[in-house]
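Since every read-out is calculated from the coordinates, none of them should be taken as a lab result. This structure is a prediction, so every number in the text was calculated from the model and none was measured. Cβ coordinates were reconstructed from backbone atoms using ideal geometry, including for glycine residues, and neighbour counts include every protein chain displayed.
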Amino acid sequence: YATIEMTLVQKSGHQRVRKLESWSMDIGKDSKRIMFFTYPGDVKGTGFLTWDYDDVSKADDKWLYLPAMKKTRRISGKSSKTDYFMGSDFTYDDMSTRSVDEEKHELLREEMLGEYKCWVVNSVPSNKDEIYSRRVTWIRQDCFMVVRAEYYDKLDKLHRLLTVSQIEKIQGFWTMHLMQMENVQTGHKTIIRMDDQKYDLNISQNLFTVSKLEKGL
């Protein structure tokens, strides 16, 4: 469980703040997640449900519920890779867990990023529908968490830059509190602040269903 504050920042500096609550559960090697917007009023009740499968041959399932229309939209495989989540700089795919087998990886080097030693990895997606042609990722060696990622477009120009910070252990799990995705080509960025994280909660698989998505909190 976590609470999320999502801040959308335009190139001009104008900001919009949105708040969410999120639950996720590991079911074997697969995982499920549901999140609901709680603020502001124009998006309150909007929900997002994703079922992430470890099997790369099986497309992840994603649904978006829009309360104003009382309608649930199934996010297709292609649009999940190219469409942005609720006006943010994260695609629908970015909002869920990626399998390591969805890309081909090459270790470029090891280097320090700030005070931490990182592996720097170049990853090329197997699926050509991806919005990016390759991704360069900095992975902290002490906790195996991504702390920086550069996404390059089809012309191999830097498109988006992800930075992750404020990482600590909570209940024995390495946990990040802050992430920022910046579209360097448009100047728009999204800042996600996660707080109140809790693990090992007693929650039911019934929470992660389309009917619950439509029923809301």
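Hand me the GluC sites (Glu not before Pro) from the stretch 114-208 located in a DSSP loop with no more than 14 other Cβ atoms within 10 Å, in residue order please.
115
Excluding residue 55 itself, calculate the net charge of residues whose Cβ lies under 14 Å from the Cβ of residue 55, where each Lys or Arg counts +1 and each Asp or Glu counts -1.
-4
Net charge around residue 146, counting only other residues with Cβ within less than 12 Å of its Cβ (Lys, Arg = +1; Asp, Glu = -1)?
Here the charged neighbours net out to +2.
Using helices alone, what [θ] at 222 nm do you get for the chain, with -39,500 (n - 2.57) per DSSP H run of 4 or more residues, divided over all residues and rounded to the nearest 500?
Theoretical 222 nm ellipticity from helices: -1000 deg cm²/dmol.
Between residue 44 and residue 116, what FRET efficiency comes out of the Förster formula 1/(1 + (r/R0)^6) with R0 = 35 Å and r the beta carbon distance, rounded to 0.05?
So, using R0 = 35 Å, E works out to roughly 0.35.
Please identify, among 85, 48, 37, the residue showing maximal mean-square fluctuation in a Gaussian network model of the chain using a 10 angstrom Cα cutoff.
85
Give me the Kirkwood hydrodynamic radius of the stretch 46-140, using the inverse of the mean 1/r over all pairs of distinct Cα atoms, in Å to one decimal.
That comes to 15.1 Å for the stretch 46-140.
Using the reciprocal of the averaged 1/r over all distinct C-alpha pairs, how large is the Kirkwood radius of the chain in Å?
18.3 Å
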